[in-house]
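Visitor: Quick one: the structure is below, questions incoming.
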Amino acid sequence: MSRSRDTTEADLQGFAAAVAHEIRTPLSAVAGELELALRRDRSPEEYREVLRRIAAGVDELVQISGDLALFGDPASRSIPEAAVAPLDGVLVRIRERYSKRDDVEIAVDPSTAVRVAAEEDRLLRALVLIIEHALRHRKGAGVVSLRAVPLADHRVRLLVEALPSGFWPQAWKALADSPDGVAGPLRLRTAQRLLEGAGGRLHVAHDLGTVEVRVDLDPIS
């Protein structure tokens, strides 16, 4: 067996393990809620609250199944020629999504008032997946921030950071070590695939215990 085949099989095993982990978490939550609900009679309001929590778990499973479908869809790596997204509009939508949380900061400033070569919904979904992964793997009770940094040639880089202590490096290591592979956290690999199909690129700089998560986007003049 060739070395490249060995590597491919190892990547697939890692990807399968990541998928199993992502699915197991909401499934376990749903099963736990059902078990508790069946132990005793509850008031109508208590049952409604249980159903709301179960619905949240089911919604997460539906999102995961949709993300997984991308890996079998060749069209997920292509972007329509006419696809254009207002970056500030995407960031405003993300800020609204997290408006009730004080541990997420989304910066919308003059540097984000550009149009980028991307499908808006896919770009939004990719950034949300990165933020969700960041929230899981920040050190301590840090704040996860998303901000834009202008680059040369009018390009835009979005930076995802966790302040004040940063991220646990291991959480990003698979993507940093093998940017073209499939192993590693499902959320990051899904975000990577979405960005590739939306005109963006995901990079992770991993050095001496520090992590910088970058999303590079090309502007539309």
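Visitor: Could you say whether any residue in the stretch 178-188 is modelled with pLDDT under 75 and touching a strand residue (DSSP E or B) at 6+ places or on another chain (Cβ under 8 Å)?
Guide: yes
Visitor: If you check every pair at least six apart or on different chains, which have Cβ atoms under 7 Å apart with a residue in the stretch 82-100 that is under 15 Å from Val128 (Cβ atoms) first and a residue that is modelled with pLDDT under 90 and assigned to a loop (DSSP other than H, G, I, E, B) second?
Guide: Filtered contacts from the stretch 82-100: Ala85/Ala118; Ala85/Glu119; Leu87/Val114.
Visitor: What number goes with the only condition from (1) modelled with pLDDT under 85; (2) under 20 Å from Arg95 (Cα atoms) that Val160 does not pass?
Guide: (1)
Visitor: When both residues are 6+ apart or on different chains and their Cβ atoms are under 9 Å apart, which pairs have a first residue that lies in the stretch 14-28 and is within 24 Å of Ser178 (Cβ to Cβ), and a second that is modelled with pLDDT of 75 or more and not in a helix (DSSP H, G or I)?
Guide: Taking only residues 6 or more apart or on different chains, the pairs are Ala18/Pro185; His21/Pro185; Glu22/Pro185.
Visitor: All but one of (1) modelled with pLDDT under 85; (2) over 24 Å from Leu68 (Cβ atoms) hold for Arg40; which doesn't?
Guide: For Arg40, the exception is condition (1).
Visitor: Another question, if that's okay. Across the stretch 123-156, which residue is surrounded by the most Cβ atoms within 10 Å (Cβ to Cβ) among those that are out of contact with any Leu (no Cβ under 8 Å at 6 or more places or on another chain) and in contact (Cβ under 8 Å) with a residue 60 or more places away in the chain?
Guide: Top of the filtered list is Ala134.
The values are calculated or read from the model by the stated rules, or taken from the named source; none is laboratory data. This structure is a prediction, so every number in the text was calculated from the model and none was measured. As a convention, Cβ positions derive from the backbone with ideal geometry for all residues, glycine included, and neighbour counts pool all protein chains shown.
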